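What follows is a set of notes on a single structure, which appears directly below.
The values are calculated or read from the model by the stated rules, or taken from the named source; none is laboratory data. What you see is a predicted model; the values in this text were computed from it and never measured. Don't worry about glycine lacking a Cβ; one is built from the backbone with ideal geometry, like all the others, and counts go over all protein chains shown. These area figures cover heavy atoms from the full protein model, side chains too; ligands, DNA and RNA do not enter into them. Shrake-Rupley method; radii C 1.70, N 1.55, O 1.52, S 1.80 Å.
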Amino acid sequence: MSRSYYIAGNWKMHKTRAEAAELAKALAARLKGGKHKYLVAPSFTLIETVAPIVKGSNIRLGAQNMAAEEQGAHTGEVSVLQLKDLGVQTVILGHSERRHVYKEDDGLINKKVLLALKHGLEVILCVGELLEEREAGKAEAVCETQTVEGLKGVAPADLDRIVIAYEPVWAIGTGKTATPEDADAIHAYIRKVVGKLYGPSEADKIIIQYGGSVKPENAAQLMAKENIDGALVGGAALKADSFAPIAQFDS
Ligand code: PGA
């Protein structure tokens, strides 16, 4: 397989500046020389603290969201220009908490994807079904729609700055992980969807992370699956003692 593994930590709404600095320093030390691609995505207010710590390391600097507009009268929003100013390289978009708690729809997420790409950022586009959608046999259809709509208007030349994260909503923060087989089946399906849009060689290249209760104990089994190219980690990303072993899983 030519794809390399990409392990990302989504810190969500956790940590103060001092705590974030401590975690970032521990990760920079422990992941030094690590063989995969890594990222941390702290809250907006922590980015400036974490940036100099990960600069020059093998850990990329990410944000968890951004506004769909470049700048202007958007109270409470954070712009792509502001993220770039802090050295952010990657933005997570369409996370299930953004979709389901903050009611972001595919159209808004797509607007953000295009804006992030326009400004040179890498995008981690999250897709995934709710429990009732899975139980109704709609997991593939939901992931297909979110992938197709999220990528609308993305030029083939920009696809190498897109990562897809498959995060079944019922597995996020619940301790329930999709079985490696179930996750792999959806990853394969998403890859097929990308193939329909961009052709087989692009489908083969695209990195698809799995997210949803990834832990040191289950990372290697998930990563061993053909179509799983990494992880987007929430809870276990909050401590170096749990994120480092995931990032350094035995491949
Ligand atoms: P979790 O979160 O690892 O705590 O399940 C994953 C995510 O929401 O990105």
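Step by step: first the residues of region 29-49, then only those that are open to solvent by 20 Å² or more (accessible area, probe 1.4 Å) and in a helix (DSSP H, G or I), then the one that is nearest to Ala8 (Cα to Cα). Which residue is that? Among those that are open to solvent by 20 Å² or more (accessible area, probe 1.4 Å) and in a helix (DSSP H, G or I), it is Arg30. Tallying residues that are in contact with a Gly (Cβ under 9 Å, 6 or more places away or on another chain), under 14 Å from Thr145 (Cβ atoms) and open to solvent by 10 Å² or more (accessible area, probe 1.4 Å) within region 105-130 yields 2.
Considering region 204-222, the residues that are in a helix (DSSP H, G or I) and open to solvent by 10 Å² or more (accessible area, probe 1.4 Å) include one that is farthest from the ligand (Cβ to nearest atom), namely Asp204.
Screening Gly234 with (1) near the ligand (Cβ under 10 Å from one of its atoms); (2) in contact with a helix residue (DSSP H, G or I) (Cβ under 7 Å, 6 or more places away or on another chain) gives one miss only, at (2). Candidates Ala178, Ala165, Ala157: the one that is open to solvent by 20 Å² or more (accessible area, probe 1.4 Å) and either free of Cβ contacts under 8 Å to residues at least 40 places away in the same chain or within 17 Å of Arg98 (Cβ to Cβ) (or both) is Ala157.
What residue, among those in region 1-28 that are of a type in the set (D, E, K, R) and in contact (Cβ under 8 Å) with a residue 60 or more places away in the chain, is surrounded by the most Cβ atoms within 10 Å (Cβ to Cβ)? Filtering region 1-28 for residues that are of a type in the set (D, E, K, R) and in contact (Cβ under 8 Å) with a residue 60 or more places away in the chain, the one surrounded by the most Cβ atoms within 10 Å (Cβ to Cβ) comes out as Lys15. Screening Asp158 against (1) touching a Phe, Trp or Tyr at 6+ places or on another chain (Cβ under 8 Å); (2) away from the ligand (no atom under 16 Å from the Cβ) leaves a single unmet condition, (1). Only one of the numbered conditions (1) touching a Cys at 6+ places or on another chain (Cβ under 7 Å); (2) on the phi < 0 side of the Ramachandran plot is not met by Gly94, and that is (2). The lone criterion from (1) under 30 Å from Lys25 (Cα atoms); (2) touching a His at 6+ places or on another chain (Cβ under 9 Å); (3) at pLDDT 95 or above left unmet by Gly234 is number (2). Scanning region 181-203 for residues that are away from the ligand (no atom under 16 Å from the Cβ) and open to solvent by 50 Å² or more (accessible area, probe 1.4 Å) yields Glu181, Ala185, Lys192, Lys196, Leu197, Pro200, Ser201.
Residues of region 138-189 that are of a type in the set (A, V, I, L, M, F, W, C) and either closer than 17 Å to Ala8 by Cβ or in a loop (DSSP other than H, G, I, E, B) (or both): Leu151, Val154, Ala155, Ile162, Val163, Ile164, Ala165, Ala171, Ile172, Ala178, Ala183. Against the conditions (1) open to solvent by less than 40 Å² (accessible area, probe 1.4 Å); (2) in contact (Cβ under 8 Å) with a residue 40 or more places away in the chain; (3) more than 24 Å from Thr174 (Cβ to Cβ), Glu70 satisfies every one except (1). Against the list (1) within 14 Å of the ligand (Cβ to nearest atom); (2) not in a helix (DSSP H, G or I), the condition Glu226 fails is (1).
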